[in-house]
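Accompanying notes for the structure given below.
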Amino acid sequence: MPESQPRTTFDVDLHHPSATDTYESISLEFYNDRRFANALRAFNRNLPLQGGRMVEVPPLHILRKQFPGLIDASTNTGVQWGSASRADPSPSVRNTFVVPPGGLTMKDIARRMLGSEQRWSEIWDLNPQYSPSALLPAGTELKMP
């Protein structure tokens, strides 16, 4: 039986969860951050991950807009974000994104992290060593705006 298409005004990724997946692991894979797990669970109507159902993974800005109270600010994400007011951040404090398993393009990353794939050039401006249309392999660390 074909799966019904999501009905949204924005694109969502469809993820087929494995037996070991949790909303936390999916949040980490797609957003490079565990703190969006509760919002992702709410977006998927608190449905369990098992049972062959695809998980809808919306752009990050949608979770921030629809479920701001469910985003866990206390979770240690492993991502270090530098202060926007600092003129010269130290090498240990910077805006970075590590490409998850499966790889992503700059458009994919822009859609997930910046809310629009049209913002891919902002990522490329900071990472000109990578082709903007290439599938970036897992583990690639990118500077982020």
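Counting only residues that are closer than 21 Å to Pro59 by Cβ and touching a Gly at 6+ places or on another chain (Cβ under 7 Å), which one in the range 119-145 is surrounded by the fewest Cβ atoms within 10 Å (Cβ to Cβ)? Before the answer, list the steps.
The first filter runs over the range 119-145 and keeps only residues closer than 21 Å to Pro59 by Cβ, leaving 119-127, 132-133, 135-136, 138, 140, 142-145.
Subset that is touching a Gly at 6+ places or on another chain (Cβ under 7 Å): 135-136, 138.
Numbers: Leu135: 13, Leu136: 21, Ala138: 11.
So the residue we want is Ala138.
Quick one: count up the residues across the range 12-57 that are under 14 Å from Arg112 (Cβ atoms), at pLDDT 90 or above and in a loop (DSSP other than H, G, I, E, B).
Qualifying residue count for the region: 0.
Determine whether the range 121-137 contains at least one residue that is of a type in the set (A, V, I, L, M, F, W, C), out of contact with any Cys (no Cβ under 9 Å at 6 or more places or on another chain) and part of a loop (DSSP other than H, G, I, E, B).
Filtering the range 121-137 down to residues of a type in the set (A, V, I, L, M, F, W, C) leaves 123-124, 126, 134-136.
The next check asks that each one be out of contact with any Cys (no Cβ under 9 Å at 6 or more places or on another chain); those that pass are 123-124, 126, 134-136.
In the following step, the residues that additionally are part of a loop (DSSP other than H, G, I, E, B) were identified as 134-135.
Taking every residue of the range 121-137 in turn, at least one turns out to be of a type in the set (A, V, I, L, M, F, W, C), out of contact with any Cys (no Cβ under 9 Å at 6 or more places or on another chain) and part of a loop (DSSP other than H, G, I, E, B).
The values are calculated or read from the model by the stated rules, or taken from the named source; none is laboratory data. Everything quoted here is computed from the prediction, not taken from an experiment. Cβ sites come from the backbone with ideal geometry, for glycine too, and all protein chains shown count toward neighbours.
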